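A short reminder: the numbers here are calculations on the coordinates, not readings from a lab. Since we're looking at a predicted model, the values are computed, not measured. Cβ sites come from the backbone with ideal geometry, for glycine too, and all protein chains shown count toward neighbours.
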Ligand SMILES: Cc1ncc(COP(=O)(O)O)c(C=O)c1O
């Protein structure tokens, strides 16, 4: 008798993890990983933030702590601090008790709990994600039970910037009650964000067309080093009185990738509207993973709730964002010194971990196969993979790729 699973269809590998595996298996000494979205030091090493290390030590010595279950909605002091970090201490929504924070399994888990809630409890059926976007948006929302996935234009490949007109046109045509996924800052994969003036126009349109904003905030503080600047768009929407959801990740800004520390903030028009929502989300979590893990969020909670640790952490986020900004400038400078064909201004005008280089698939293939530089097919690079030792090598390889396979752009 054949296996009950012989009917299971083949599924494609997750590109970014397949790429990372190939990088790890490559024995070339000068190989470079520009794929995975994780911070690296100038020595090319992962970084455990010193404030995280210090807090972990304090936690391990704290005999008052134990490993009892958390409730379905997680560690309250963490999610309250996370929502305050997102919206600001003085947020009208927080003062008026119109927010609900739910600890989740990092940013992806926040998106999933939020999408489950919207699809199953609030009857939303359609969602819009930017084109291109972080590929998990589609998976998360479709698995949560949304019926229709749409995209709105975002990237202008010719000008290598935001296709703002296209974005507005596509959102203009969205049916009422569509959920619009918006990257709060440091758009993945393009590194291109709307300006404040453009955000105002997006908010006008979302309000007029009765759409529903769902922010994805995976890089607060990591993008510019400034927590307020990186959450400007979310705060602006809240100040205007929108109801919204926002997924927060502490993977990048705390370097807590595998601890799965995240938060979902729901902002409603009045506190009563949140009573049933809280009860329904409790059941959603109960029927999914029952309750979340504690270690990562204990660290975040201690740091966010202690002014001295908080100041130390702010130093770390400026250091990480500062190194990324320097590496952008270094790559652009090297490409210009080599007189590499094309305009490379976008490398420095983009923000955050990623740059959408504009390299095409043939050029990317050549970089991987001939130069051992690993990046996904869409030409996105993680700037964190660059350092003072390899940026010259990478620039020369880009130069060779662009010269050997001239792009039509
Ligand atoms: C746009 C975006 N959203 C969400 C996430 C969530 O990541 P995590 O689940 O590791 O917090 C990421 C991470 O790469 C991201 O780039």
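So the values come out like this:
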| read-out | value |
| --- | --- |
| Cα pair distances in the stretch 26-86, grouped into 5 Å bins until the bin that holds the longest one, percent each | 3, 11, 11, 16, 17, 13, 11, 7, 7, 3 |
| Cα-Cα separations in the stretch 1-149 greater than 24 Å, expressed as whole percent | 61 |
| Which of 404, 54 has the fewest Cβ neighbours within 10 Å, and the rest in rising order | 404, 54 |
| Pairwise centroid distance, computed over Cα atoms, of the stretch 228-266 with the stretch 100-146, Å | 14 |
| For 24, 252, order by how many other beta-carbon atoms lie within 10 Å, fewest first | 24, 252 |
| Fewest-first ranking of 124, 222, 242, using other Cβ atoms within 10 Å as the exposure measure | 242, 124, 222 |
| Share, in percent, of DSSP beta bridges within the stretch 69-305 that are antiparallel, nearest 5 | 45 |
| For the stretch 278-403, alpha-carbon Rg and Dmax in angstrom | 20.4, 60 |
| Interatomic Cα distance distribution for the stretch 151-235, bins of 10 angstrom, percent | 17, 51, 29, 3 |
| Inter-centroid distance (Cα atoms) of the stretch 348-380 relative to the stretch 269-345, Å | 23 |
| Radius, Kirkwood style, for the stretch 279-327 when every pair of distinct Cα atoms is counted (Å) | 13.5 |
| Percent antiparallel among DSSP beta bridges (both partners in the chain, rounded to 5) | 50 |
| Estimated D of the stretch 207-256 in µm² per second, where Rh is the Kirkwood radius over Cα pairs and Stokes-Einstein applies at 4 °C, 1.567 mPa s | 110 |
| Share of pairwise Cα separations in the chain, more than 38 Å, in percent | 22 |
| DSSP bridge orientation in the stretch 154-274 - percent antiparallel, rounded to nearest 5 | 45 |
| Rounded to 10°, Cα long-axis angle of helix 15-25 versus longest principal axis of the chain | 60 |
| Cα convex hull of the stretch 69-305 - mean projected area over all directions, nm² | 11.7 |
